[in-house]
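In what follows, a structure is listed as structure tokens, so that the remarks can point back to it.
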Amino acid sequence: MNQSTIAQLLCKSQPTILSWLQQFEDRGNFDQKECEKLYPQHNEGQRNWLIELYKKDHLLYVSKAVAKYRQHWGESISPTTVWHILSEQGLSWKVCMPNIFPVC
């Protein structure tokens, strides 16, 4: 199957497909950059604190987690970064809230 056919099937442009293939050849996968490289300002202690926060309260809204993080550490953190840190540890919203959003 050629790149133009793949692009049409996935509703993506050919340069995007080419970029994906180049990334696969360079790194051997299609994963995004590691969270450590994307968000180096949050050390392991801060990450672990955030993970423990969600282990204690699975139903915590991300906005509340951001506020608690700011209060505890005196630093800001984006909701996206919170989700990246949780995802890094296998804590997706499906895992955190299985009774609210049952996986079918």
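Extension gain, Trp83 to Gln23: 0.36 nm times the residue separation minus the Cα-Cα distance gives 19.2 nm.
Extending 7 Å from the Cα toward the beta-carbon at both Trp49 and Thr16 defines two label points whose distance is 3.9 nm. In this structure the amide hydrogen of His42, modeled in the peptide plane, comes within under 5 Å of no amide hydrogen from residues 5 or more places off or on another chain.
FYI, it's all coordinate maths here, none of it is from the lab. Note that the structure is a prediction, hence the values are computed from the model and not measured. When we count neighbours, we look across all protein chains shown, and the Cβ atoms used for this are built from the backbone with ideal geometry, even at glycine.
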